[in-house]
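A quick write-up on the structure given underneath.
The values are calculated or read from the model by the stated rules, or taken from the named source; none is laboratory data. Keep in mind the model is a prediction, meaning the values are calculated, not measured. Here the Cβ is made from the backbone with ideal geometry for all residues, glycine too, and neighbour counts use every protein chain on show. Calculation scope for accessible area: heavy atoms of the full protein, side chains included, ligands and nucleic acids excluded. Shrake-Rupley method; radii C 1.70, N 1.55, O 1.52, S 1.80 Å.
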Amino acid sequence: MVEYALDLDNVFGSLADPTRRDILQRLMAAELTIGEIASQYDLTFAAISKHLKVMEKAKLIIKQRRGKEQVVRISPSTLAYADEYLERYRNLWESRFDALEVLLEREKESFN
């Protein structure tokens, strides 16, 4: 259970940064080299590299060496893992909103 929580902490901590979310969005469209990613931002190559290390630690991305370049791709299984966690809360809140809607409809009918 502790490992599960630590993994989720890393995932959501990584997603808390807007630059990392933007990088992830770009990687959803295609694999990119680190240089291609860095060229999209007004940050140093070292700063982008640090962002990628955080994302790699959270297992949101996979880096793979191809020749002299490192190619970065998204790891969909980690996003699915986070989505499963969020789905439980989504279901809880949807059922609560549905119950609230029924209650409000009853109240509205009682006033008419």
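Numbers at a glance
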item	result
Mean separation of Cα contacts under 8 Å, 6 or more apart, over the residue count of the chain: relative contact order %	25
Value of [θ]222 nm, deg cm²/dmol, for the chain, DSSP H segments ≥ 4, -39500 (n - 2.57) each, nearest 500	-23500 deg cm²/dmol
When the convex hull of its Cα atoms is projected in every direction, mean area for the chain (nm²)	10.5
Among 79-88, 57-66, the order from most to least packed when residues are scored by Cβ within 10 Å on average	57-66, 79-88
Of the DSSP H helices in the chain, those whose Cα atoms cover at least 27 Å axially and whose Kyte score averages -1.0 or more	76-111
Of S49, S39, S95, the one that fluctuates the most in a GNM where the chain has Cα springs shorter than 10 Å	S95
Whole-percent carbon and sulfur share, accessible surface of the chain, 1.4 Å	56
Cβ-placed point charges (K, R +1; D, E -1), dipole of the chain about Cα centre in debye, nearest 20	760
Extreme residue, positive dipole direction of the chain, given options G35, L92, L60 (C-beta unit charges)	G35
